[in-house]
Structure formats: C-alpha cells, structure tokens
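Worksheet: one structure, shown below.
Values quoted throughout were computed directly from the atomic coordinates according to the rules given, and no laboratory measurement underlies them. The model shown is predicted, which means the values in this text are computed figures rather than measured ones. Don't worry about glycine lacking a Cβ; one is built from the backbone with ideal geometry, like all the others, and counts go over all protein chains shown.
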Amino acid sequence: MKKYILDFVVRHNEKLGGRFGLLKLTPANGSQLPEIAAGQFVQVSVDGSKTTFLRRPISINFVDKVTNELWLLIRNAGNGTEHLLSSKPGDVLNMVMPLGNGFPVEDATGRVLLVGGGVGTAPLLYLGKILRDNGLDVNYLIGARTKDELLMIDNLKEYGTVYISTDDGSAGDPGLVTQNKVWDEKWDRIYCCGPAPMMKGVARNARKSSTQCFVSLENMMACGVGACLCCVERTTKGNVCVCTEGPVFEINQLTWQD
Amino acid sequence: MKKYILDFVVRHNEKLGGRFGLLKLTPANGSQLPEIAAGQFVQVSVDGSKTTFLRRPISINFVDKVTNELWLLIRNAGNGTEHLLSSKPGDVLNMVMPLGNGFPVEDATGRVLLVGGGVGTAPLLYLGKILRDNGLDVNYLIGARTKDELLMIDNLKEYGTVYISTDDGSAGDPGLVTQNKVWDEKWDRIYCCGPAPMMKGVARNARKSSTQCFVSLENMMACGVGACLCCVERTTKGNVCVCTEGPVFEINQLTWQD
Amino acid sequence: MARLNVEIGSLKLKNPVLTASGTFGYGTEFADFVDLNRLGGFIVKGTTLNAREGNDYPRMAETPSGMLNAVGLQNKGVDYFINNIYPTLLDIDSEIIVNVSGASIDDYVEVARRLAPLERINAIEVNISCPNVKQGGMAFGTTCEGAASVTKAVRNAFNKTLIVKLSPNVTDIASIAKAVEAEGADSVSLINTMLGMAIDVERQRPYLSTITGGLSGPAVRPIAVRMVWQVAKAVKIPIIGLGGITSGKDALEFIMAGATAIQVGTYNFVDPTVTSKIVDEIDDYCHRHNVSDINELRGII
Amino acid sequence: MARLNVEIGSLKLKNPVLTASGTFGYGTEFADFVDLNRLGGFIVKGTTLNAREGNDYPRMAETPSGMLNAVGLQNKGVDYFINNIYPTLLDIDSEIIVNVSGASIDDYVEVARRLAPLERINAIEVNISCPNVKQGGMAFGTTCEGAASVTKAVRNAFNKTLIVKLSPNVTDIASIAKAVEAEGADSVSLINTMLGMAIDVERQRPYLSTITGGLSGPAVRPIAVRMVWQVAKAVKIPIIGLGGITSGKDALEFIMAGATAIQVGTYNFVDPTVTSKIVDEIDDYCHRHNVSDINELRGII
C-alpha cells in the first residue's frame, strides 16, 4: 500500500474521559483520503513541542469517507501527545501514513469478538465497521479500570454489541476483560488491542478455546517504515519490525509465554 | 532594580513593514507592570519552537501605563523571533524582566537627538516619551534602506520631530544617517541604537562635535543577568557584560576604533 | 546540478548527499517519499558475516533533539544480502555502499571479500564504531592500533573504495583517522553515535534493554562538526561527515568544516523526504552564493 | 526535607542540588528569582590566580537543545574573589564551593592555598576540563597522568573537600576518575562541556571567536548520564553529576546512575528559577515513591 506524507487540518478536537481526546482531521490540500485498512497507523509530527524530536505513532481510530475525515484517538502519555491533544481546529499536523498492515478481515466469518483496553480501543472502531459491513456479527469487549475511562462506547455500539468489564465493577462485569462472561460463548475469531498484560490474557483465553486471535502491538518506534529496527517483536521467525510486519500479529506468530 | 519572571498575555500583534512586528502584552496575572526604564530589555521564552533553546533578548519599545501594556518591536531574525511574531492574542509569553540599565535621562537637558536604525529604533520610542515628559526638545533621526522599512514613524512623531535618512532616498535625506543634515545642528546629547556600523558612525560624528553620546548594544547573550559572560563588550575597564553593565554605554567607555 | 559532483576514492557521486547506515533501510523503504536516483548514494545497513538477531526490545529512547538506539546490528548476514537484497537494488541509479561490521578481523575480511565481486558495490564502509555490540565494533574504533589492524586486513581483501567509519567516543579522533589513512583507507566517515544512556525514573530502570546505546540526532551535531574539522586538518583522504544533519544548512556546516560528502541519518525518521530536500537546499545555496563547484566550499573554515 | 541530605567528602548538603560553575554567577545574580538558602550549594565561577579577560566576543552559539560557549575563564583573579566577593556571600546559608582553574599546576596549587583559610569555603572544585583555554584546563583532564598530577599537587595544598571536575572529551572517563581518586580527591564532578563547533554557513565563518567551544545543555545529557554510570562503577568516592539537567526527573537520572549530588548549569539561563523547582520536584518524587532517604536511590541502575 502506497505511503504518503501529508498535511492534515484539525477539524474537531473532542475531549474524552480521563487523559484521552479525539482529533478529527482532513487532508489540508482537500484531496480524498488514501486507501486505509483498519488497524493501520500514522506517524504524526509534533511541531510545537520543544521536548519532542520524533514523530508519534497513533493508530487510526476511524475513517469517515463521507466527511473525508481521519479520526485519531489519543492518550496523553507525555509532552508529544499532550501537544497533539492541545490542537485547535485549523491547526495543521503532518503525517506519514498509512503505515503497517492492519487487521486481516477478508477471511473472517461468523461471530467475532473485538477486545480493547484503554487507548487500545482505538483501532477497533473502524475494524468493527468494516466487519459489520462485511456481514459479520460484531461484538466488542471493552475493559477499563472504571466507568469514566471507557472510551467511545456509543460509537462502538453503532457496529456491534458492546460488553464491558471494569476493574471496580462500576460498569459491566467486575474484573478483568479475561474474566468477562463473553468467554463462555464460542467465537469464530478474536481481535485484540490493549496493554500487553491484557493482550496476553486474551491470547491465553483464545488458545484455550482454540479460537484464531489477532493482536495489535504498540511497541515504541522511531521511523514507522522499517528502517530503524527499533520496534522489533520476537516472533517465531525471529525479531521483526512491528511497524512493517505488524502491528497486527496472529498470536501463534509471537513467542509469548503462557 | 528588581527583576521578575512573569507571564504576559499577548493583547495585540501588529504586522509592521518588512520582517517586523509589534506585540503589545500585559501581565497575565493582572498585576501592574513593574517599574521600567527606557532602554531596558526582556528575555522572552520561545515555547513552541523546537529549534529555540535559549530565551530571546528583546528591547522594550514602549510602556503604556494607561493600558498596562508593554510593547515589543520584533524583527524576524530566525526561528525564535519568527515564532514570537506568530503569537496570537491570548497567547502567553514568559519573560525575565526588566533587564539592563537603560538610558540615562535624569541629567539630560536641552535638545537631544535619538538616532535609530532597523530594529534599533525600538527602545527610542519610550525613551522619547520620557525625555519629552521631562521637558526636553526631542528629535529623532531614523535610518532605513528604503521607505518601506521605516518603523513606527507616526508613533515617534508624538514625542518629537522626526528626521529620516534612506539609502535609496525614497524618504528623507538620501544616504546614511551619518550624512543627514541634522548633523549640521548643535545637540546637547545623542542617544543611538542600531546596527554596529551605524552606531560607530554616529559615535564618530558625536566625537567630532564633542557631544555626549550613549549607544545601546545588542550583543548575543544567553542568560541576560550577568551569569554566562557571553555578551561581553570590550571597554576601557576590560570585558564587561552588555546585559548588566549595559546595554547602554557612553561611547567613551567603549574601545571602538575611529 | 553538475556543481554538486564530488568524489570519494574512485566513487563519483552526483551530489554529496548519502544516507547513513541503519537509517534508510535498503533505500526501498523510502521509495514512496524520495526519488532515490536524486541522491548521491545509499549506505545500506550494517552487514555481518552471519545473521544477527540484534538486541532485545526496547531498543530506543527519545532524548532532547536526538535519540538513543541499541539495535545491535540486526541483519540477515552477507549472503542473504548478496542473494536477496542486492538484486533488488540494481535499478537504482545511485551509488550503493555496504556498511560492514564484525566481531573479529576475520569477520570483517570475509564480508568484504564476499562483497568485492558485486559489480554495483563500488565501496564499503567499515564500521569500527558500533557502540551496541559486545564484541568488535567500537572496541576496534577506540584505539589507533585496533582501527589500523581492521583497516589493513580489509584493505588487502577489498580493492575498491574503502571507507572507515570512526567512533566519536575517543579523546583524539584525528589520530585514529591518521592511523586508518596510513593503512590505506580511501576515506573516513564520522561520526558514529555517541555512547549514551537514559533512565526512566518513574520505573527506575534504563529505557534500553542494553542500558547504554548510541546517541544520534541534532543534539550531537556540534560535536560531529568539530570532529570533522579536526580530522580535516589531520588527513588528506576525503571525509564523509554525519551527525544530526537535518537541512542543507547543516550539511554545509560539515562541508565547510572539511567534509567532501555527508550522510543523513536519524532525521530520515522525522522527515522521510529530507534527503531530497537537502540536495535542493545545497544547490540553492550554491546558486545564491555563486558557487560553481561545491568542492570550493570544502574546508573553508 | 531531611530526606534530601547528602554528603560530599566532609560537606553536608541540605539537598543534592548545586549550581554549576559559570552558570550562576556568585549566586547573587539570581537572588531575585531563587531563595538561595534552599539550595544545597553554589559552585562559583572559575577562579584563576590572576585576572583573565577571557576570549573575544562572540562567545556563544545556540545549538539544538543546547549551546556552545567560549568564555575562556574570564574572572578577576583569586585575590579579588577573596577581598571583594567572598565577604558578600557570608549571609548565604548554603555551601559555597569555588571552581579553581589554572594554566599550570603551580597556578592550581596557589589558588587552592589562598582559598584554604576562608572559613565558609569548605570545598573547591578543580577544573581540569575547560575546553576554552589554550593552556591548562582540558590538557590536564584528558590523560590519567595529567589528571593525577594536578590532583596530587592540589591535595597537598588544600585539606578540605577536594572535588575534581572531569572532561567528557575522553575515551575512558572511568580510568581518569580512578586516577584522580587514587591521588586523594574526595569527589569527582562530571561532565564538563563537550568540545563542539558551529558554523554560520551564510557568512562562512564559525559562530565563536575561538572556532570551537564547549557544548552544554539537554543535548549532552544522555552522554553525561552514561559517564556518571561508568564512573560510579569504577570509583568509591561520591560523584557529582551534571550535564543538561532541567528538572527533578533529569536530576534523578543522574542520582540513579550513581551521583550523590547534581549541578544545574545551562538551564539556569533558560529558567532562572529552575534550581528551586528541582529541589521541590526531587522531594515530591521521594514523597510519591516513599523514599525516606535520597541516598537510597543512588546507583540503583
């Protein structure tokens, strides 16, 4: 898939709960968004922050072809992302995009479970839309510490049923996502994005039930295009770049210990 | 004079000719401006520019006690000043101020000539007001390459007669300020700020006519408070810091060659 | 743009802009962003005799105006390069230079020997300065004797242009450059990364799996320019300067300090189009300053 | 804030935050911005036997996340300090450490000898690492022999706390630290500035009158942290870490790498209140992490 370096204009900056925000952007030159697969990411330049040197990889939350908008769900994790979240409508952000391989969707069938935690929920919105458009039965399982940290639940509901787990029981099932009652059901495929311990737990559940499972990794990276070799993950084929071979991996490609 | 570190809010950003702009700012906390002498400067933090590490020394153009505004006339001389000139009303700039000694005014009498060139015109506006308020006959001699690069002439006219020299003769006398016809007259004191060659020429004219002459230097500096010892000027007393011993010097303190 | 032609040993470069090893993949990773044929050349990533998995993740940390990396020469080995990568590069109309690394002198020699027959490889860059591997690398680059011994051995095995990449983690880089020149190197490139370290104080652990790593980016540029200037005063062979170059202006600092060509490294990660812009900016500078031959600017400081 | 107390030789500091020589004047320049009594101490600027005018203007250039300087030890000499500056510092309730520089070993010894009787001066920092003077300075600091000889001579002339400030422009800073420790230094401080250079390409000349100068600021912090970590593994005497510290977090990097105290340098120019903030930020960190004694964090990496 061809990669571009493009300026985007911020159209909306919506504050979400906790340390999260949602930017909606459109190409500054008025062109149509390039072809984008669910699960791909962008590398955003952070121009106004003195302490930020490298671009920040941000996964693509949604592609709205009607409004020609790209959505980025961003967590304030330091000076770089904090600066992005302070963007105002009209501000311009430069992006290298779209990067990575995205989630495999062509061969998916039946009932699928999309498991997200924290900012890892981000790529699941567009993934759910694509899968629903493909006629699948889309189900979300979203985890958070507490109710206030659940993100974009109403948006997710447009594309599937939403199950919730919160550590404190303030919404949905109490406990971790891996303890949610949805695991009693049979799934045809699982997609997952979230903190590493959560993804590892989901991978264990998937293996137990012999369900195919794809996870999206968020390793730290510099270039995003396979040159710096910094974002490597150990796989059955050795160390590979998450930015070009991933960010999505089938769990059996990984060397996660059970 | 006590020094402060204060946030200022930008109230107005006026584009002037060429690469110049005028910022009008007021203390962000609503406090009264501290006591400021004409010829003092501020050290402004440039927060949004990746390539700017140090503060930028900017001379104080004017102090408006009625509106509680500090004016900074800024020349776009690189990324730092360019960023300052892109400030919008409501933006906050942090300043260490007021710094340096300013022009001696208490002992001035009679007819005074204030000679400025380029951004060196900046401190002469407030100086003219102070001298006029003290009952002196204030006269400005402003030099520029061409008419379009003359700065704030209408403001200067509020406090004195304005004479002009332009290299191309597009306004006032043709040629350098040192060739202007005002030098035929007798002055009781000369104040000067501008590019080094201009100030050296003015100093020569002053010596010829045995007129007391003060110049304001713009040596590059890091700290602005006498610690880094980078902005030194060679004087009859050895190397001294322009930021604390200056920026204003009586020309006979300097070791400028004739 | 004939005014930008420069020569490094027997290499004739259309312009002085090269890419630094390990920052531009095999060029093809950047083909969507840059017309590769516009560049003087590419230095493809560190190649060793046998495949290497490199160091454990995490391998990078952002630092003020720079970054630390600890990749550790991950690559699939010289034979994989020859059989699988080299054939894909043949259409590129720019010089292809292979960066050669090793844990022993024999390793360096063997990699050089295998690369020597490749028609399109007219030069190798011998890396005696990698800070991120336990054996070899920087160990050779921090003494005159070590640098000389690697150079001498590789010189005997490789009769095309031999560039030696120097470590900045030394007291006197000029003496190391002289030692390398004396053993027949055609050029030196400098600087490799500075050994650095960063600590995540909240988690009370280093950011890198290897604790220390190599610092690169604009942060180190003043050190790199100074070293190029010192080396230019000490050797007669052409110098390739690198270290934090982000623009034509930065590149010209190195050229004026004495470099014949330059490499763009870390900034490829920030702006993948930067190499092409630098070619334009240097050419524009020559135009504005009436420079008919870029070589006139070399070492004017 | 008793949890922030640290000791360097016989010095008892109320907290580990010192100011670096040449960046904080004599403290009084910053009295409008910082309550000087809140700091662990001040290292007043480089003092030589005789007055020095320093280098010609221009003496500085801004660089990415840092700056170059070439002040060249401008100062009025040790007698002027004793007679005119020292009496103005007596009301400050923080340790006052004098940075001592010289062009010869005899110079260092004589300055130390004259400072020794001053009651409020409990320590000196011997600068064997100034890159901006032709004689002395860094010439002593780049070999073990040079560093040892200065230390030995000054040790005999000064029986209070002796700190030696090391140059980072060396291949192996740990061996130099060991040489200095062996001659009786009570502490080492590191790093002094990295030798660097910047060129104004439009005007085709260096920014500094001296061509090269000393690079400081956040740019060099990863190098400084790495060197402190290396030296901490090599010596038993306490280390004072410096190089690009801008915050409590940065200061803690040095402490976790092995420093007992830290110095804030260049960033005083950017935020004149930063030293006081760093004291608060370190204390806040100790509070959040339940650290009852800052010394527990030292060298945990």
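Points worth noting:
- Only helices enter this figure: runs of n ≥ 4 DSSP H residues, each worth -39500 (n - 2.57), summed and divided by the residues of chain A, yield -4500 deg cm²/dmol at 222 nm to the nearest 500.
- Prolate/oblate/rounded call for the stretch B:69-172, Cα gyration tensor, a/c under 1.5 rounded: oblate
- In order along the stretch C:123-131, the phi-based Karplus estimate (6.51 cos²θ - 1.76 cosθ + 1.60, θ = phi - 60°) of 3J(HN,Hα) comes to 7, 10, 10, 8, 8, 9, 9, 6, x Hz; Gly and Pro are listed as x.
- Computed FRET value (nearest 0.05) for D:ASN50 with B:ASP47, which takes r as the C-beta separation and R₀ as 56 Å: 0.85
- Distances in nm from C:SER209 to the matching label points in the other copies, shortest first (labels 7 Å along Cα to Cβ): 5.2
- Mean Cα-pair separation over length for the stretch D:32-187, i.e. relative contact order, pairs under 8 Å, 6 or more apart, %: 21
- Chain A: most fluctuating residue of A:PHE103, A:PHE62, A:PHE53 per GNM, C-alpha cutoff 10 Å: A:PHE53
- Structural descriptor for chain C: relative contact order 21 percent, calculated from alpha carbon pairs under 8 angstrom and at least 6 residues apart.
- An oblate overall shape is assigned to the stretch C:18-132, the ratio a/c of its alpha-carbon gyration tensor axes (a ≥ b ≥ c) being 1.5 or greater and a/b not exceeding b/c.
- Label zone at C:TYR80, where the point sits 7 Å out along the Cα-to-Cβ direction: the stretch C:53-71 residues whose backbone N lies under 19 Å: C:53-57, C:59, C:70-71
- DSSP beta bridge pairing in chain D, given as percent antiparallel to the nearest 5: 35
- For the protein assembly as shown, the Kirkwood hydrodynamic radius from C-alpha pairs, put into Stokes-Einstein at 37 °C and a viscosity of 0.692 mPa s, yields a diffusion coefficient of 103 µm² per second.
- Share, in percent, of DSSP beta bridges within the protein assembly as shown that are antiparallel, nearest 5: 50
- Mean sequence separation of contacting Cα pairs (under 8 Å, at least six apart), scaled by the length of the stretch A:111-216, corresponds to a relative contact order of 28 percent.
- Shape analysis of the stretch C:81-121 yields a ratio of the Cα radius of gyration to the Kirkwood radius, Rg/Rh, of 1.00.
- Per-residue HN-Hα couplings for the stretch C:9-17 [Karplus 6.51, -1.76, 1.60; θ = phi - 60°; Hz; x = Gly/Pro]: x, 8, 6, 10, 9, 5, 7, x, 9
- Distance from the stretch D:19-44 to the stretch C:104-171 (C-alpha centre basis), Å: 49
- Förster-model FRET efficiency, 56 Å R0, A:GLU158 and C:THR273, C-beta, rounded to 0.05: 0.90
- For the rotation that carries chain A onto chain B, the axis lies closest to a Cβ at A:GLY48, 2, where the number is the distance in whole Å.
- Choice from B:VAL44, B:VAL105, B:VAL92 showing the highest fluctuation, given a GNM over chain B with Cα pairs closer than 10 Å: B:VAL105
- A crude spin-label estimate for the pair D:ASP284 and B:ASP148, with each label 7 Å from Cα along the Cβ direction, gives 5.0 nm.
- Copy-to-copy label distances for C:GLU296, where each label lies 7 Å from Cα along Cα-to-Cβ, are 6.8 nm in order of increasing length.
- For peptides D:31-37, C:12-18, sequence by mean Cβ density within 10 Å, most packed first: C:12-18, D:31-37
- By definition, a body whose alpha carbon gyration tensor gives a ≥ b ≥ c is prolate when a/c is 1.5 or more and a/b is larger than b/c, and the stretch C:105-209 fits this prolate description.
- Spatial separation of Cα centroids for the stretch C:56-103 and the stretch A:40-88, in angstrom: 28
- The GNM of chain A, with springs linking C-alpha atoms under 10 angstrom apart, assigns the highest mean-square fluctuation among A:PRO197, A:PRO98, A:PRO123 to A:PRO197.
- Taking amide H as placed 1.01 Å from N in the peptide plane, A:VAL115 has its amide H under 5 Å from the amide H of A:LEU141, A:TYR191, A:CYS192, A:CYS193, each at least 5 places away in sequence or on another chain.
- Other protein chain C-beta atoms within 10 Å of residue C-beta, averaged over C:202-213: 3.
- Spacing of the two label points (7 Å from each Cα toward its C-beta) at A:GLU14 and B:LYS237, in nm: 6.5
- Placing unit charges on the Cβ atoms only, positive for Lys and Arg and negative for Asp and Glu, gives the stretch D:26-118 a dipole magnitude near 160 debye about its Cα centre.
- R0 of 41 Å, Cβ-Cβ distance B:LYS2-A:ASP133: FRET efficiency to nearest 0.05: 0.05
- Inter-copy label distances at C:THR28, using a point 7 Å along Cα-to-Cβ, come to 7.0 nm with the shortest given first.
- Cα centroid of the stretch B:100-144 to Cα centroid of the stretch C:183-217, whole Å: 55
- Principal axis extents of the C-alpha atoms in the stretch C:222-301 (largest first, rounded to whole Å): 34, 29, 18.
- For the segment D:268-281, counting C-beta atoms of other chains within 10 Å of every residue's C-beta and taking the mean gives 3.
- Think of it as helices only: each DSSP H run of n ≥ 4 in chain C is worth -39500 (n - 2.57), and spread over all residues that comes to -8000 deg cm²/dmol at 222 nm.
- Spin-label model distance (nm) - B:GLN32 vs B:ASP184, 7 Å beyond Cα toward Cβ: 4.8
- Sequence-distant lysines (8 or more away, or on other chains) whose Cα lies within less than 16 Å of B:LYS186: B:LYS208
- Cross-link pairs A:LYS3/C:LYS277; B:LYS15/B:LYS200; A:LYS15/A:LYS147 - those with Cα-Cα distance over 22 Å: B:LYS15/B:LYS200
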